[in-house]
């Protein structure tokens, strides 16, 4: 299912590129190191059980895919993320992991740069889902709704062999996700819980020119 979505995304961007006579389409893979912030990384000590279901996340690792279509200095992009956060509290299930996955779409700006290094800034809307556990038991599964969030980031495309580039970037993702647990009344169901984090990505991309 994920493979078909990624393939469909790439084909769709190629069709748009040909229709617009765009400069380039890029598709890349990346690895991510993540650092949760705010309430997502904290552990509550109040003794309540339903006010802070999503908490205690630690740094983790993940992977992702990006596809971007550039038209001069302005581009549009779409991405996919799959991230495992470590967790050291009894909120997490027995394997000690939160797993986040979802997609992002937004705008990518490359205001200046030469043939070798092209810095960029980007911002987009995220649709992520988080899975974990509750009460330290693997049978108590926690999931969330796909509530919209946002991401902002900076990075650079460093050309290697013309059509290949090395792509370091840093992003901040902010979102409120609404927890769902079978048989548990969640008091944060209205506003959701802040699941915010920084991510530092290293990746490789292939650039295909159009309209030149």
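The values are calculated or read from the model by the stated rules, or taken from the named source; none is laboratory data. Small disclaimer: the values here were computed from a predicted structure and weren't measured. As a convention, Cβ positions derive from the backbone with ideal geometry for all residues, glycine included, and neighbour counts pool all protein chains shown.
The table for this structure:
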item: Any chance residue 132 is crowded, with 20+ Cβ neighbours inside 10 Å and modelled with pLDDT under 90; result: yes
item: Check on residue 26, part of a strand (DSSP E or B), at pLDDT 55 or above and buried (at least 17 other Cβ atoms within 10 Å of the Cβ); result: yes
item: Output for segment 145-163, where each listed residue is over 17 Å from residue 104 (Cα atoms) and either surrounded by 14 or more Cβ atoms within 10 Å (Cβ to Cβ) or in contact with a helix residue (DSSP H, G or I) (Cβ under 7 Å, 6 or more places away or on another chain) (or both); result: 156, 157, 158, 159
item: Hey, residue 78 in contact with a strand residue (DSSP E or B) (Cβ under 8 Å, 6 or more places away or on another chain) and either over 25 Å from residue 180 (Cα atoms) or modelled with pLDDT under 85 (or both) or not; result: yes
item: Segment 195-212 - residue that is touching a helix residue (DSSP H, G or I) at 6+ places or on another chain (Cβ under 8 Å) and closer than 13 Å to residue 173 by Cα and, of those, modelled with the lowest pLDDT; result: 195
